[in-house]
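Single-structure report; data block below.
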Amino acid sequence: MMEAFSLIGGEKVKLFSITDIGRRREINEDYLFTSDKPVGNLPNLFIVADGMGGHNAGDYASKHAVEKAVSAIEQYTDEYDAENILQKAIDDANTHINQISRHSSKYKGMGTTFVAVTFDGCHVTVANVGDSRMYVVNDFITQITKDHSLVEEMVDMGGIDREAARVHPDKNIITRAIGVKEYVLVDFFDVHIGLAEKLLLCTDGLTNMLKDDEIHRIIMDSSSLEEAGRRLIEAANENGGRDNIAVVLVEPFGGQND
């Protein structure tokens, strides 16, 4: 069942976002924010978050972390560097979620992944905590973020290969999340993109169900971002739909050719 989607077309930017509850979960703990218009001093902003915690805690964590971060960005009117803005916003979101978690038994232990993207021309700034991902898609698909997860550490140490990591029983154990500790370490990535390239933000409900080459094929074979997004959701559900699924697809230059 489709839970929410938005289609935004500007003069240049094309965007489609969608989230789906999947086939095994009763609550959708994924949360999205998308704006092709300025947010504070950022020219645009795209966020995907995947909450964790018992009962409704994961749902609360993802939604309120994103809302707190966006609110903070809107208030940072004296800051113009994208990385600094995102760092401060994520710090604020982490403090907010952590304090609620520590003072409320209902929300104890909750947390959320968080991947945020903003671009100015061809320059893309990416902030990441957890195992939600950001890719650049063109003739190839390239994962920009690096998962903060137990199996990723095992891959780095040579204990398992990438294919084994996809099906490892501990693949959902993340090593970094917003709200779990008093302070959170954020990874930043600077990316230069071409005119015809697409950006993909997604939760592990997509990447645990589909290999990167399957994701790439669906996007490249689709006639629009909306078609690609819906087909990705459908394919993830057909492969089991074991988790909530969130997808944000962006064409910063509206699909112009180089």
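In the stretch 144-158, the condition of being at pLDDT 95 or above and in a loop (DSSP other than H, G, I, E, B) is met by at least one residue.
Conditions tested, residue by residue: (1) more than 19 Å from the chain's Cα centre (by Cα); (2) outside any loop (DSSP other than H, G, I, E, B); (3) of a type in the set (Asp, Glu); (4) modelled with pLDDT under 95.
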| site | (1), (2), (3), (4) |
| --- | --- |
| His55 | yes, no, no, yes |
| Glu67 | no, yes, yes, no |
| Leu86 | no, yes, no, no |
| Asp92 | no, yes, yes, no |
| His96 | yes, yes, no, no |
| Ile100 | yes, yes, no, no |
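Pairs linking a residue in the stretch 217-243 that is of a type in the set (S, T, N, Q) to a residue that is assigned to a helix (DSSP H, G or I), with Cβ atoms under 9 Å and 6 or more positions apart or on different chains, are Ser222/Ala228; Ser222/Gly229; Ser222/Arg230; Ser222/Arg231; Ser222/Leu232; Asn239/Glu214. Residues being touching a residue at least 60 places away in the same chain (Cβ under 8 Å) and in contact with an Asp or Glu (Cβ under 9 Å, 6 or more places away or on another chain): count how many of those fall in the stretch 61-86. Going through the stretch 61-86 one residue at a time, the tally reaches 2. Please verify whether Asp212 is closer than 14 Å to Asp20 by Cβ and crowded, with 16+ Cβ neighbours inside 10 Å, treating the condition exactly as stated. No: the conditions fail for Asp212. Elements of the type helices (runs of 4 or more DSSP H) sitting completely within the stretch 170-258 and holding at least 3 residues that are over 16 Å from Asp30 (Cβ atoms): these cover 212-221, 225-238. Pairs linking a residue in the stretch 114-134 that is closer than 18 Å to Lys181 by Cα to a residue that is in a strand (DSSP E or B) and acidic (Asp, Glu), with Cβ atoms under 6 Å and 6 or more positions apart or on different chains, are Asn128/Asp187. Going by the structure shown, is Ala49 assigned to a strand (DSSP E or B), closer than 28 Å to Lys88 by Cβ and modelled with pLDDT of 90 or more? Yes: the conditions hold for Ala49. If you go through the stretch 91-117 and keep only what is surrounded by fewer than 24 Cβ atoms within 10 Å (Cβ to Cβ), β-branched (Val, Ile, Thr) and out of contact with any Phe, Trp or Tyr (no Cβ under 6 Å at 6 or more places or on another chain), you end up with just Thr95. His64 meets all of the listed conditions (1) touching a Ser or Thr at 6+ places or on another chain (Cβ under 6 Å); (2) farther than 17 Å from Thr125 by Cβ but one, namely (1).
The values are calculated or read from the model by the stated rules, or taken from the named source; none is laboratory data. Bear in mind that the values here come from a model prediction, so they are computed numbers and not experimental data. For neighbour counting, all protein chains shown are included, and Cβ atoms are generated from backbone atoms with ideal geometry for every residue, glycine included.
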